[in-house]
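Quick notes on the structure that follows.
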Amino acid sequence: MRRFCEGGGAEPPAANRRRAARLDGTLLPASHGCAVAPGSSKTVRGHFVRALLLRDLRLAVRAGGGFGLALAFFLIVVVLVPFGVGAETSILSRIAPGILWVAALLAALLSLDRIFALDWEDGALPLLATSPLPLEGVALAKALAHWITTGLPLTLAAPVLGILLSLAPTATSWLLASLALGTPALSVIGTFGAALTVGLRRGSLLLSLLVLPLYVPTLIFGAEVVRRGAEGLDPTTPILLLAGITLGCLALLPFAAAAALRINLR
Amino acid sequence: MSLTVTDLCCARGGLPVLQGVSFALAPGEALILRGPNGVGKTTLLRTLAGLQPPLAGSVEMGEAAYASHADGIKAQLTVAENLAFWAEVHGVDLPADIYETFDLTDLRDRLAGTLSAGQKRRTGLARLGVIGRPVLLLDEPTVSLDRGSVRLFADFLKERYLAQGGIAVIATHIDLGLEAPELDLTPFKAVPSAVGGSDEAFL
């Protein structure tokens, strides 16, 4: 596709040429001082995804972007549990895998409704939909940005919180591995839910109801990995299933999210 | 690349609002859409942009840039960052004189959230100059612009865009000073029982 040249308008020769071209009733040829890009598809699509990812990350760390919100929520929930359950170490260490995983789930849920809602409100979503970036790429970039701002900090903070809950030291590496493998699924499933509910009033409530049941397999196998790690059992099977769920979600859900967005944009 | 619309029928909320819309534009031509509120100007533009499928008819054109009522400007990013983002998403370089063209030179490092409505609008319109698509679909581009900015934008359209072989379809209520044909959409208003009909019989 021919790219329109905006440059060089101030120079008299270029302006003259342009006027001459207009009198002829023909288009300004590409060679006449007008830098015409060979086509807007000159770069690979991954480049566009990166642009959106970087913008979302930048927005997340700016004022009001909500970066760290999920992490703070995670910390508070985990710290609250000993207050509610009591400080008995044996109970805490038994429930630690489940608590850590449920808290991670809820923390991931907290920022889901912002994924598309902000772009919907300021009108950027239709503009993205008409850009060269496919909506599948938009969904993937959004999920990735959500994971980097939510799942990754949670994963890194979890071992420290494991100590607070007297999690068995042998389970720490499994906790790290299970969260690293499982939280991408939380972000991708959440992105799909956000795409389904974008533009709905009170959509974030509906989003929680839609997404939490879909988180169940990840929760079961994620917590199972940590539990087995704590008890010295072999966690290979649950960790493979956890990875399988994440890969399946990554492969399928960006397409589902894009389809949902297309319908919601109509 | 020209724009040809044949017998287009488009719907809003499941109800057909326009039918039988046909027009053709050659490179360098603009079309002004007129009509009272609710006649379907926005719906037509959204259908042309491919955001919603037409009920009937066909649209043939190159890649289009769509500009709606909302600018899609991020309040927490600066003007320059906003424009750079759209340039990158479209895989083009930021034109060097884009800030002068839209009178944004002094504002380029300001956060878009601190701009006035008109300044925001100018930033949104500058996006069109950045991405350089051959067809512009503009929905009320002059909302909240002052008279000087309207002239600035009309000059951009005339000298930088249409003169370069671009095509523009503009829904507006004001006179942009373009020598362009006007299309009043009132005669194309769909009759209630047109293609696609309503679900009334099933309710």
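The values are calculated or read from the model by the stated rules, or taken from the named source; none is laboratory data. These numbers were taken from a predicted model, which means no experiment stands behind them. Here Cβ is always computed from backbone atoms with ideal geometry, including for glycine, and neighbour counts include all displayed protein chains.
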Output for region B:154-177, where each listed residue is assigned to a helix (DSSP H, G or I) and either closer than 21 Å to B:S2 by Cβ or within 14 Å of another protein chain (Cβ to nearest Cβ) (or both): B:D155, B:F156, B:L157, B:K158, B:E159, B:R160, B:Y161, B:L162, B:A163, B:Q164
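Per-residue answers, yes or no, for (1) over 28 Å from B:L18 (Cα atoms); (2) among the small types (G, A, S):
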residue: B:L128; (1), (2): no, no
residue: B:L137; (1), (2): no, no
residue: B:D155; (1), (2): yes, no
residue: B:L162; (1), (2): no, no
residue: B:V169; (1), (2): no, no
residue: B:H173; (1), (2): no, no
residue: B:G177; (1), (2): no, yes
residue: B:E182; (1), (2): no, no
Answer residue from region A:190-222, given it is assigned to a helix (DSSP H, G or I) and among the β-branched types (V, I, T) and is farthest from A:L118 (Cα to Cα) among those: A:I220
Hits in region B:99-126 - residues which are within 13 Å of another protein chain (Cβ to nearest Cβ) and closer than 12 Å to B:F153 by Cα: B:E100, B:T101, B:F102, B:R121, B:T123, B:G124, B:L125, B:A126
Residue that is buried (at least 17 other Cβ atoms within 10 Å of the Cβ) and over 14 Å from B:L185 (Cβ atoms), where the choices are B:V92, B:V39, B:V21, B:V5: B:V92
Selected residue [closer than 16 Å to A:A257 by Cα and under 13 Å from the mean Cα position of the chain (by Cα)] from A:I148, A:I115: A:I115
Residues satisfying the stated conditions in region B:43-60, i.e. within 11 Å of another protein chain (Cβ to nearest Cβ) and buried (at least 16 other Cβ atoms within 10 Å of the Cβ): B:T43, B:L45, B:R46, B:T47, B:L48, B:A49, B:G50, B:L51, B:Q52
Residue ID - farthest from B:R121 (Cα to Cα), chosen from residues in region B:66-76 that are facing chain A (nearest Cβ under 7 Å) and buried (at least 19 other Cβ atoms within 10 Å of the Cβ): B:Y66
Members of region A:175-200 that are surrounded by fewer than 24 Cβ atoms within 10 Å (Cβ to Cβ) and over 19 Å from A:A256 (Cβ atoms): A:L176, A:A177, A:A180, A:L181
Of residues in region A:65-90 being more than 28 Å from the chain's Cα centre (by Cα) and surrounded by fewer than 17 Cβ atoms within 10 Å (Cβ to Cβ), the one modelled with the lowest pLDDT: A:A87
Some residue of region A:225-236 being assigned by TED's automatic domain parsing to the domain that holds A:S93 and under 19 Å from A:L144 (Cβ atoms): no
Every pair of residues 6+ apart whose Cβ atoms lie under 6 Å, when the first sits in region A:55-71 and is facing another protein chain (nearest Cβ under 9 Å) while the second is in a loop (DSSP other than H, G, I, E, B): A:L59/A:G65; A:L59/B:Q76; A:R62/B:Q76
Among the candidates A:S173, A:S187, residue that is of a type in the set (G, A, S), in a helix (DSSP H, G or I) and either under 16 Å from A:A107 (Cα atoms) or under 10 Å from the mean Cα position of the chain (by Cα) (or both): A:S187
Pick from region A:119-136, criterion surrounded by fewer than 19 Cβ atoms within 10 Å (Cβ to Cβ) and within 20 Å of A:A60 (Cα to Cα), ranking: nearest to the other protein chains (Cβ to nearest Cβ): A:G123
Residue within region A:123-141 that is free of Cβ contacts under 8 Å to residues at least 60 places away in the same chain, under 30 Å from A:L265 (Cα atoms) and not in a helix (DSSP H, G or I) present: yes
When residues of region A:233-249 are limited to those that are in contact (Cβ under 8 Å) with a residue 40 or more places away in the chain and over 21 Å from A:P169 (Cβ atoms), the one surrounded by the most Cβ atoms within 10 Å (Cβ to Cβ): A:L242
